[in-house]
There are 2 protein chains.
Amino acid sequence: MQNLFESLNKLTILDQEVKIKLENLVKVEQFEKDDFVLKEGSAIRKLYFVENGLLRSFFHKDGKEVVKWFCYEGQFATSMYSFISQKPSYENIQAIEKSTLFSITFQDLQNLYETYPAFERIGRLLTEQYYVMLEERIILLQFQTAKERYENFLRDEKCLINRIPLGYLASYLGITQETLSRIRAKK
Amino acid sequence: MQNLFESLNKLTILDQEVKIKLENLVKVEQFEKDDFVLKEGSAIRKLYFVENGLLRSFFHKDGKEVVKWFCYEGQFATSMYSFISQKPSYENIQAIEKSTLFSITFQDLQNLYETYPAFERIGRLLTEQYYVMLEERIILLQFQTAKERYENFLRDEKCLINRIPLGYLASYLGITQETLSRIRAKK
């Protein structure tokens with residue numbers, strides 16, 4: 001769980017007691033390519049950490065899949081809306097690659113919040129990060145041109161470019177696959 | 001500051017020391033109708049609590065104003081994206097009515113987080129609430145019909161219906177004023 005602790009240490013210093021407690025709560029889960037971590041209509045009960053592999057989130061709109069995010073090694077993954085509210089999710093989470101995830105349940109996390117102030121901090125900072133990411137996605141879809149969206153993706157997520165089918169990337173950027181191909185051809 | 005403490009007490013119990021510390025940090029600010037609390041392009045440095053009055057947030061898209069949220073007595077207001085990231089805001093915050101706000105600066109809030117675990121909890125829970133509201137707005141705009149949007153607004157925010165110009169409400173619901181008038185006439 002070295003990677004998980006490194007990611008948490010970027011948020012706050014965890015002492016040995018908290019680390020041991022966490023190690024006892026975290027489960028390892030394996031997902032094959034195309035396996036679903038979450039299906040829409042269910043509330044998600046777990047927060048995941050991607051030890052290795054790659055996930056996507058998508059929802060259905062007008063009969064089409066719309067990709068909402070990608071999540072890879074070193075990142076936390078859940079349907080944040082469903083996880084916080086414990087309401088049914090409108091999004092699906094699916095493995096794009098064979099993936100190893102660490103998971104903690106909603107209830108165990110609430111208990112950590114109650115017991116360890118360091119976890120309150122982690123919870124606050126993670127939620128803040130996810131808030132900013134969600135709003136940056138709104139900004140991307142509201143204000144950026146297709147070219148800007150692609151260039152920003154290249155800048156921020158270059159490591160993903162050869163791991164994601166072009167159809168998924170176009171959907172994530174909110175543009176057609178033809179537009180994406182045209183932008184890529186020009187570069 | 002009775003209302004502020006009541007709102008905070010819904011999130012966690014604050015002891016007397018924390019309340020006194022908070023009282024010393026909070027400033028009272030008065031805004032006349034149409035005054036701006038925040039103009040787009042600036043980073044927002046404060047978190048506000050609406051003691052009384054009514055605010056709206058809006059941004060410009062294709063030369064038009066788009067209303068993003070309303071905020072009234074007992075609620076916390078800021079441009080959450082700009083406040084967390086301390087990046088320039090793309091939204092404006094404006095008083096719709098003469099308003100009395102309590103404010104705390106970003107830096108003072110960070111100091112409270114550092115010093116009092118109870119504030120970490122408040123910060124986490126408030127950010128979670130704002131995350132859920134932001135995503136519910138995305139769901140509203142992506143999946144609900146004009147009629148559903150209006151009916152949900154009536155259900156959740158009935159107290160606002162006579163305090164908001166129809167043009168602002170239509171913009172908030174992502175529909176034209178004609179469509180809004182038609183839906184209201186049918187009811």
*Could we say that B:TYR90 is among the aromatic types (Phe, Trp, Tyr), within 28 Å of A:LEU141 (Cα to Cα), more than 14 Å from the chain's Cα centre (by Cα) and surrounded by 16 or more Cβ atoms within 10 Å (Cβ to Cβ) here?*
yes
*Is the stretch B:45-66 home to any residue that is within 13 Å of B:ASN92 (Cβ to Cβ) and not in a strand (DSSP E or B)?*
no
_Enumeration of residues in the stretch A:76-102 that are free of Cβ contacts under 8 Å to residues at least 60 places away in the same chain and out of contact with any helix residue (DSSP H, G or I) (no Cβ under 8 Å at 6 or more places or on another chain)_ = A:ALA77, A:THR78, A:SER79, A:SER82, A:ASN92, A:ILE93
*asked:* Given (1) within 14 Å of another protein chain (Cβ to nearest Cβ); (2) under 17 Å from the mean Cα position of the chain (by Cα), identify the lone condition not met by B:GLN110.
replied: (2)
*Do you know which of the residues in the stretch A:46-74 that are without any contact (Cβ under 8 Å) to a residue 40 or more places away in the chain and surrounded by 15 or more Cβ atoms within 10 Å (Cβ to Cβ) is nearest to the other protein chains (Cβ to nearest Cβ)?*
A:PHE59
*Tally, over the stretch B:26-59, of residues that are among the aromatic types (Phe, Trp, Tyr), closer than 24 Å to B:THR127 by Cβ and out of contact with any Asp or Glu (no Cβ under 9 Å at 6 or more places or on another chain)*: 1
*Of the residues that make up the stretch B:75-91, is at least one of a type in the set (A, V, I, L, M, F, W, C) and more than 30 Å from B:GLU17 (Cβ to Cβ)?*
no
*Could you list, in sequence order, the residues of the stretch A:127-160 that are out of contact with any Ser or Thr (no Cβ under 9 Å at 6 or more places or on another chain), more than 9 Å from chain B (Cβ to nearest Cβ) and of a type in the set (A, V, I, L, M)?*
A:MET133, A:LEU140, A:LEU141, A:LEU154, A:LEU160
*Quick check: is even one residue across the stretch A:61-70 of a type in the set (D, E, K, R) and either touching a strand residue (DSSP E or B) at 6+ places or on another chain (Cβ under 8 Å) or under 18 Å from A:GLU6 (Cα atoms) (or both)?*
yes
*State which residue is farthest from B:GLU97 (Cα to Cα) when the search covers only the stretch B:15-32 and only residues that are aliphatic (A, V, I, L, M) and in contact (Cβ under 8 Å) with a residue 40 or more places away in the chain.*
B:VAL18
*asked:* Looking at A:THR105, A:THR12, can you tell me which residue is over 26 Å from A:GLN177 (Cβ atoms), touching a strand residue (DSSP E or B) at 6+ places or on another chain (Cβ under 7 Å) and touching a residue at least 12 places away in the same chain (Cβ under 8 Å)?
replied: A:THR105
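Only the coordinates and a few stated rules stand behind these numbers; no lab work does. These numbers were taken from a predicted model, which means no experiment stands behind them. Here Cβ is always computed from backbone atoms with ideal geometry, including for glycine, and neighbour counts include all displayed protein chains.
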